[in-house]
Amino acid sequence: MVSGQEHSEIPTLWRRAQPDVTIGLVVDLATVRSRRTTGWSSAIYGRQQERLREAYAAADLVIDTAIFDPDQTLAAAVELLEGHRRDNERRLSSG
């Protein structure tokens, strides 16, 4: 299951899905502006960061997409998910 959070006014929305794995994607305001529009205000960015603070703190992995390109971001996420799957398989086979 995938849950997008940044537009929600409910900071804990992501928890409602009871995710097995949480991955946060972070990016600085300058990069947001370069990718979208220079019209993104620091106030909007700040509110989004505050909404996501708890999710980032609880995340199994947080990837800075200003540093990692899309392929590197995908590779890091897949590595985490495959490790999670292997851990679950080991736990199930031993118990």
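Values in this text are rule-based calculations from the coordinates and carry no lab data. Since the structure is predicted, the reported quantities are computational estimates derived from the model, not experimental observations. Cβ atoms come from the backbone with ideal geometry, glycine included; neighbour counts cover every protein chain shown.
Give me the net charge of Arg85's neighbourhood, meaning all other residues with Cβ under 15 Å from the Cβ of Arg85; Lys, Arg count +1, Asp, Glu -1.
Residues close to Arg85 contribute a combined charge of -3.
Would you kindly state how much longer the chain becomes between Thr31 and Glu79 on full extension, computed as 0.36 nm times their sequence separation minus their alpha carbon distance, in nm to one decimal?
On the way: separation 48, 0.36 × 48 = 17.28 nm, distance 2.49 nm.
Gain in length upon complete extension: 14.8 nm.
Within the set of other residues whose C-beta is less than 14 Å from the C-beta of Thr73, count the net charge using Lys and Arg as +1 and Asp and Glu as -1. Each step should come with its number before you reach the end.
Details: positive: Arg35; negative: Asp64, Asp69, Asp71, Glu79.
Net charge in that neighbourhood comes out at -3.
Take the Cα atoms of the chain, build their convex hull, and give its volume per residue in Å³. Don't jump to the answer; show the numbers that get you there.
Working: hull volume 9.9 nm³, N = 95.
Normalising the Cα hull of the chain by residue number yields 104 Å³.
Give the angle, between 0 and 90 degrees and rounded to the nearest 10, that separates the Cα long axis of helix 70-94 from the longest principal axis of the Cα atoms of the chain.
It works out to around 30 degrees.
What angle do you read, to the nearest 10 degrees and between 0 and 90, between the alpha-carbon axis of helix 42-58 and the longest principal axis of the chain?
Result, in degrees: 10.
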